[in-house]
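Visitor: This is the structure I have questions about; it appears just below.
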Amino acid sequence: MAKKTTTGIAATDATSFWDSTWQKTFKPMVIDQTAFRNMTPHIDRYFAAIGDVQGKEVLDLGCGNGKISVYLARAGATVTAIDLSPISVQNTKLLAEYNQVGARVSTVVLDSLDVRTLHKHFDLVIGKDILHHIEPFDAFVDALYDVLKPGGRGLFIENSARNPILMFFRRHLVGRFGIPKYGDDAEYPLEPREIALLRRKFPRTTQYYPEFKFFIMMAIYLFHGNKTVSRIAQSLDEAIYRYLPFFNKYSYRQIVEVQR
Ligand SMILES: C[S@@+](CC[C@H](N)C(=O)[O-])C[C@H]1O[C@@H](n2cnc3c(N)ncnc32)[C@H](O)[C@@H]1O
């Protein structure tokens with residue numbers, strides 16, 4: 001089911017948005033064990049948290065072009081990759097075959113709400129930029145719990161709706177006055193109430209903030225990513241991260257870990 005925007009406009013066609021995005025951006029390529037190395041502190045921390053996946057059963061929610069699924073399969077996991085977008089699932093299958101791990105990546109066009117229908121249990125459920133698409137979120141949390149093995153973990157790289165300034169901005173300016181809108185019409189950043197729902201089912205829920213992302217978002221939106229402005233914004237974000245860590249929880253990006 002599509003998530004409603006805060007304006008109450010339900011996005012009718014998120015799937016065709018993602019189909020057309022993945023149609024344009026797919027390239028067969030070798031995904032080796034350096035593929036995600038030294039990219040950003042978030043990515044570094046995410047893969048450190050994922051750890052050794054040799055022999056593990058992994059579910060990738062909203063697999064996109066399949067890079068993470070293929071990376072983990074090449075690291076020894078057996079991966080189930082799902083996405084609502086048929087093009088995403090087709091690309092993931094092609095990428096797995098290109099990297100000779102087709103036998104270790106099964107791909108399914110499936111809503112994350114319906115993961116129980118896979119009739120499998122997982123050591124690890126992962127997802128990058130997916131949780132905030134899923135609605136109703138409480139139903140998803142129950143489904144996630146059911147497909148995790150006891151002791152299994154969910155690890156998600158996510159955005160965050162916790163910063164009121166960024167949310168004001170998103171609500172009133174993005175998509176207007178020439179300020180670009182990224183993503184589909186239905187999505188809204190992961191809300192504190194959704195974290196609370198996770199925490200209710202998974203008392204061992206942790207949020208990590210390996211970077212502070214605030215000024216850089218302003219630079220992207222207001223100054224179209226102008227290089228000089230972005231450099232200044234990046235320095236401000238780094239200074240806050242280092243000297244005012246209290247504010248890190250207001251970062252636009254986070255890692256969410258749950259343990260069953
Ligand atoms: C922002 S993209 C992220 C893709 C990929 N994880 C990555 O980081 O490149 C979100 C993806 O989630 C998919 N998606 C959205 N809602 C979904 C849902 N309820 N269940 C499964 N996939 C969904 C979209 O089709 C899209 O491919």
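Visitor: Among the residues of segment 24-37, are any within 16 Å of the ligand (Cβ to nearest atom), modelled with pLDDT under 95 and part of a helix (DSSP H, G or I)?
Guide: There is at least one residue in segment 24-37 that is within 16 Å of the ligand (Cβ to nearest atom), modelled with pLDDT under 95 and part of a helix (DSSP H, G or I).
Visitor: Moving on to the next point. Quick check on my filter: what residues within segment 65-82 are within 18 Å of W18 (Cβ to Cβ) and in a loop (DSSP other than H, G, I, E, B)?
Guide: Scanning segment 65-82 gives N65, G66.
Visitor: Now, a different point. Could you list, in sequence order, all residues of segment 114-140 that are among the basic types (K, R) and near the ligand (Cβ under 9 Å from one of its atoms)? Lay out the reasoning, then the answer.
Guide: Going residue by residue through segment 114-140, those that are among the basic types (K, R) are 116, 120, 128.
Once the filter is applied, which keeps residues that are among the basic types (K, R) and near the ligand (Cβ under 9 Å from one of its atoms), segment 114-140 yields only K128.
Visitor: Name the residue, out of I232, I255, I220, that is open to solvent by 30 Å² or more (accessible area, probe 1.4 Å), modelled with pLDDT of 95 or more and of a type in the set (A, V, I, L, M). Break it down into steps so the answer makes sense when it comes.
Guide: On the way: I255 fails: open to solvent by 30 Å² or more (accessible area, probe 1.4 Å); I220 fails: modelled with pLDDT of 95 or more.
Residue meeting the stated conditions: I232.
Visitor: I need a count of the residues in segment 60-76 that are within 16 Å of the ligand (Cβ to nearest atom), over 13 Å from the mean Cα position of the chain (by Cα) and in contact (Cβ under 8 Å) with a residue 40 or more places away in the chain.
Guide: Of the residues in that region, 2 qualify.
Visitor: Let me ask another. Of the residues N226, N248, which is of a type outside the set (G, A, S), in contact (Cβ under 8 Å) with a residue 12 or more places away in the chain and farther than 19 Å from F137 by Cβ?
Guide: Result: N248 is the single residue among N226, N248 that is of a type outside the set (G, A, S), in contact (Cβ under 8 Å) with a residue 12 or more places away in the chain and farther than 19 Å from F137 by Cβ.
Visitor: For segment 165-183, does any single residue satisfy the condition of being at pLDDT below 95, closer than 16 Å to K128 by Cα and open to solvent by less than 50 Å² (accessible area, probe 1.4 Å)? Walk me through how you get there before you give the answer.
Guide: If we filter segment 165-183 for residues that are at pLDDT below 95, which is where we start, we get 165-183.
Subsequent filtering for residues that are closer than 16 Å to K128 by Cα retains 182-183.
Next, from what is left, pick out any that are open to solvent by less than 50 Å² (accessible area, probe 1.4 Å): 183.
For segment 165-183, residues at pLDDT below 95, closer than 16 Å to K128 by Cα and open to solvent by less than 50 Å² (accessible area, probe 1.4 Å): present.
Visitor: Within the set of pairs 6 or more residues apart or between chains, which connect a residue that is within 19 Å of N159 (Cα to Cα) inside segment 18-46 to a residue that is polar (S, T, N, Q) with Cβ atoms less than 8 Å apart?
Guide: Sorted first by the residue in segment 18-46, then by its partner, the pairs are W18/S85; W18/S88; D44/N38.
Visitor: Let me ask another. Quick test for you: out of P41, P28, pick the one residue that is open to solvent by 30 Å² or more (accessible area, probe 1.4 Å) and farther than 22 Å from P189 by Cα.
Guide: Criteria check complete, one pass: P28.
Visitor: Does at least one position in segment 18-25 carry a residue that is among the hydroxyl-bearing types (S, T, Y) and open to solvent by 60 Å² or more (accessible area, probe 1.4 Å)?
Guide: Yes: one or more hits.
Visitor: I need every pair where a residue in segment 126-143 that is over 17 Å from V58 (Cα atoms) has its Cβ under 6 Å from the Cβ of a residue that is acidic (D, E) and assigned to a helix (DSSP H, G or I), sequence separation at least 6 or different chains.
Guide: The qualifying pairs are F137/E194.
Visitor: Go through G127, G154 for me and flag whichever is over 22 Å from W18 (Cα atoms), at pLDDT 95 or above and assigned to a strand (DSSP E or B).
Guide: On the way: G127 fails: over 22 Å from W18 (Cα atoms).
The conditions single out G154.
The values are calculated or read from the model by the stated rules, or taken from the named source; none is laboratory data. Just so it is clear, the model here is predicted, and its values are computed rather than measured. Glycine also receives a Cβ, built like all others from the backbone with ideal geometry; neighbour counts cover every protein chain displayed. With ligands, DNA and RNA removed, areas are computed over all heavy atoms of the protein, side chains included. Shrake-Rupley method; radii C 1.70, N 1.55, O 1.52, S 1.80 Å.
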